Amino acid sequence: MANTLATDRKAYIITGPTSGIGYATALELAKHGTVVLIGRDPARLDDVQKTIERKGRRAVSVVCDLSNLVSVRRAAVEIVALRFKIAGLINNAGIRQTRPTKNALGWDMTFATNHLGPFALTEALVPHLPDGANVVFVASAVEDPERQPAKAVGFRGGRYISAAACARGEWKPGGAKPGGFDSYATSKQANLAAALAFARETPRLRFSAVEPGINPTTGLERDNSALVRFMVRYIVVLLVPLLLPFIKVLSTPKRAARVIAKIMTDGSRQTGVYYDEHGHPMLASALVRDPNFQNRVVAETRALLSTISTRTNSDQPGRSFDP
């Protein structure tokens, strides 16, 4: 869907821009430059692109399934071919499945979409990003086992074993009872650790992560029952604005988008910062703050991804692999 265009205008790449926080952030960033929209559904990408263009701003779309490494590699090639002056990359796309599924390689879909895909996309684009560009990972504080709001709803923190084990859908024992909680928390634990490690590895760029707050009206859990989706759409969406002044961690896609856009357009040289839902620095879990853990996550993820063919001239997802 993308055409090769040379331009001096700043461009911002965002994954998952067709709903929720990603959609609101794409509209916000369009005020500052061209937005490169990365998502799975061409029709929905086209709708977002047209919405931005109707406001007299500019966007282009690149189709990409983050759970498929070949698709990620193709998307990176397309983005580089656009020859935009890339000001930043936002790894926003994410899912939380209550009933786990696998991708073509047999990998846990949540871990592949939330960590492995964004990791691969970031690594493919880093050599092409100009000095000072921002790379932001939309993280989640549910990775922290001591996070009280997360504990209250049943999360027990990230359960990372190794990149290969997590790709198989295996988590440390003693985790959460609700389905999908451990895979989601662990995927966010891994990409937060990776963001902090990247900041140390590549000081010419600015890597950061943001906790967007509790956004109950996003499309994160697409496989919920029809009743739950109805309640979120027609009841919760009305209650959230009333509760915002009283619940610090509660947010909305528009509020989260303003925080993310401010981080993305910040002209300071800060890197390696983890921001809360208000844009203030916060602490990750004790484990994620450990540079040795950060390095291990990055090394293991690279080792796992290196075993998979990422040919861009075939529709095959790569050779079969049992991690």
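The values are calculated or read from the model by the stated rules, or taken from the named source; none is laboratory data. Since the structure is predicted, the reported quantities are computational estimates derived from the model, not experimental observations. As a convention, Cβ positions derive from the backbone with ideal geometry for all residues, glycine included, and neighbour counts pool all protein chains shown.
Let's see how each residue does on (1) touching an Asp or Glu at 6+ places or on another chain (Cβ under 9 Å); (2) crowded, with 20+ Cβ neighbours inside 10 Å:
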| residue | (1), (2) |
| --- | --- |
| 15 | no, yes |
| 20 | no, yes |
| 28 | no, yes |
| 33 | no, yes |
| 43 | no, no |
| 64 | yes, yes |
| 67 | no, yes |
| 79 | no, yes |
Scan of the stretch 138-160 for residues that are aliphatic (A, V, I, L, M) and outside any loop (DSSP other than H, G, I, E, B), ordered by number = 138, 141, 142, 150, 152
task = Could you tell me whether the stretch 53-68 includes any residue that is over 29 Å from residue 294 (Cα atoms), assigned to a strand (DSSP E or B) and among the polar types (S, T, N, Q)?
result = yes
task = From the list 74, 96, pick out the single residue that is farther than 20 Å from residue 278 by Cα, of a type in the set (D, E, K, R), touching an Asp or Glu at 6+ places or on another chain (Cβ under 7 Å) and surrounded by 15 or more Cβ atoms within 10 Å (Cβ to Cβ).
result = 96
query = If we scan the stretch 47-63, do we find a residue that is under 17 Å from the mean Cα position of the chain (by Cα) and at positive phi?
reply = no
Residues of the stretch 167-205 satisfying the condition of being touching a His at 6+ places or on another chain (Cβ under 6 Å) and farther than 14 Å from residue 299 by Cα = 187
message = Just the residues that are closer than 21 Å to residue 168 by Cα and among the hydrophobic types (A, V, I, L, M, F, W, C), please, taken from the stretch 106-141.
response = 107, 109, 111, 112, 116, 119, 120, 121
query = Do you know which of the residues in the stretch 1-26 that are modelled with pLDDT of 95 or more and in contact with a Lys or Arg (Cβ under 8 Å, 6 or more places away or on another chain) is nearest to residue 67 (Cα to Cα)?
reply = 18
task = Please verify whether the stretch 75-96 includes one or more residues that are among the aliphatic types (A, V, I, L, M), in contact with a strand residue (DSSP E or B) (Cβ under 7 Å, 6 or more places away or on another chain) and part of a helix (DSSP H, G or I).
result = yes
ask   = Looking at the stretch 169-210, which of the residues that are in a helix (DSSP H, G or I) and hydroxyl-bearing (Ser, Thr, Tyr) is surrounded by the fewest Cβ atoms within 10 Å (Cβ to Cβ)?
value = 184
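Can you go through 72, 36 and tell me which one is closer than 23 Å to residue 209 by Cα, touching a residue at least 24 places away in the same chain (Cβ under 8 Å) and either in a helix (DSSP H, G or I) or out of contact with any strand residue (DSSP E or B) (no Cβ under 8 Å at 6 or more places or on another chain) (or both)? Working first, answer last.
On the way: 36 fails: either in a helix (DSSP H, G or I) or out of contact with any strand residue (DSSP E or B) (no Cβ under 8 Å at 6 or more places or on another chain) (or both).
After applying the criteria, what remains is 72.
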ask   = Being in contact with an Asp or Glu (Cβ under 8 Å, 6 or more places away or on another chain), over 20 Å from residue 139 (Cα atoms), crowded, with 22+ Cβ neighbours inside 10 Å and at pLDDT 95 or above, is that true of even one residue in the stretch 48-60?
value = yes
